[in-house]
Structures are given as C-alpha cells and as structure tokens.
1. If you go through region 125-132 one residue at a time, do you hit one that is within 13 Å of the chain's Cα centre (by Cα), part of a helix (DSSP H, G or I) and within 18 Å of residue 48 (Cβ to Cβ)?
2. So residue 102 passes all but one of these: (1) within 17 Å of residue 9 (Cβ to Cβ); (2) loosely packed, with under 14 Cβ neighbours inside 10 Å; (3) free of Cβ contacts under 8 Å to residues at least 12 places away in the same chain. Which condition number does it fail?
3. For region 74-97, name all the residues that are buried (at least 16 other Cβ atoms within 10 Å of the Cβ) and at pLDDT 75 or above.
4. Considering only residues that are at pLDDT below 85, crowded, with 17+ Cβ neighbours inside 10 Å and touching a helix residue (DSSP H, G or I) at 6+ places or on another chain (Cβ under 6 Å), which ones fall in region 56-73?
5. Any idea which residue in region 29-46 is nearest to residue 112 (Cα to Cα), counting only those that are assigned to a helix (DSSP H, G or I) and at pLDDT 80 or above?
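The values are calculated or read from the model by the stated rules, or taken from the named source; none is laboratory data. Keep in mind the model is a prediction, meaning the values are calculated, not measured. Here the Cβ positions follow ideal geometry from the backbone for every residue, glycine too, while neighbour counts run over all protein chains shown.
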C-alpha cells in the first residue's frame, strides 16, 4: 500500500476506498493484538499520497530539479488589479484544464490545485530545504477528505485554520470534499 503513492493518487475513489479499508482492517487487528498501542495513530494513506505529491511539486518548483522539468507548471498570470493575495501570486501555478474526471485526478491538475492552496494558506513553500518543507507539512497540515457538513473557520489572530462540524462524524467515516486542514498553530 505504501508502494508508489503517486501512481495510486489518480485512481478512482472506489479503488482508493479499497486500500483505505485494508488499512482500517490492519489498524483494528493491531488494536486487538496490542491495546496499549491503540493510541498510536497511523497516518491515513491519502495523507501520505498528498504529502508525497506536494514534495514532488516542491522539488519541481522550488528546487527546480531538471529531472522534474516536465512537471513544472507555468506561473499564474499577474492580476491587472491589486488583490489581498497579490504577494503570493508569484508562487502560484496555472492549473491545467481538465476535461475528464480521470485527468482531473491526475498529478498536474490535482497537485497544482493543492500547491495553490498551500501557497495561499501557509508560507511552507518558502522553506529552503526539502526536509524543512516535508516536516513542516507533516507538522502543520494534513490533507483530508471532509464531509459536506464541515465548515472552514477563518484565520484568527493565531493564524490557525479551524474546522467545525455540524453533526458528529467518526474519524474513520470522514469522506467528501478535499480541503487543506491546518492543525497546529504557527
């Protein structure tokens, strides 16, 4: 399940759901065998796929590796008028148009959108090393599938993005739209 996470990232949600069920079953078996280790949280597979994809985007755009030149997306065009997000526009990319659902889930459109979200919400893209980027991504943010009953909170004075739910939802049943959820305060 850990092998080649970027190859799995463009699969249909039904295939990814099968992988997630295998991981959930393994977690249940581990909890039955060792209840004292039940508090240990296993990172969701989708989060691992997204972190791996964001690391490739970082290598292509920030480190400018020649091997990844084909994955480099064009920078987003500057707006003709001043906006609140104008200071981050230089680091955002132009997401290619996706005509089909399959291409929409492929690497460039999917991680181009996630990269732009990361640039708008954090300063992680400005880090100077791959290790700092990945550890900051793992420490501060997690990419989750959230149900439609979640509402994004606004950035407060502590610069923390909060998520609120209107109905109680067990963590293993969370599916739905993709958002970038910043967990820890800066």
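1. no
2. Failed condition: (3).
3. Going through region 74-97, the residues buried (at least 16 other Cβ atoms within 10 Å of the Cβ) turn out to be 76, 88-89, 91-93, 95.
Within region 74-97, 92, 93, 95 meet the criteria.
4. 73
5. 46
Condition check ((1) in contact (Cβ under 8 Å) with a residue 60 or more places away in the chain; (2) under 16 Å from the mean Cα position of the chain (by Cα); (3) more than 29 Å from residue 93 (Cα to Cα); (4) not in a helix (DSSP H, G or I)) across all residues:
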| position | (1), (2), (3), (4) |
| --- | --- |
| 19 | no, no, yes, no |
| 24 | yes, no, yes, no |
| 27 | no, no, yes, no |
| 48 | no, yes, no, no |
| 52 | no, yes, no, no |
| 55 | yes, yes, no, no |
| 60 | no, no, no, no |
| 63 | yes, no, no, yes |
| 67 | no, no, no, no |
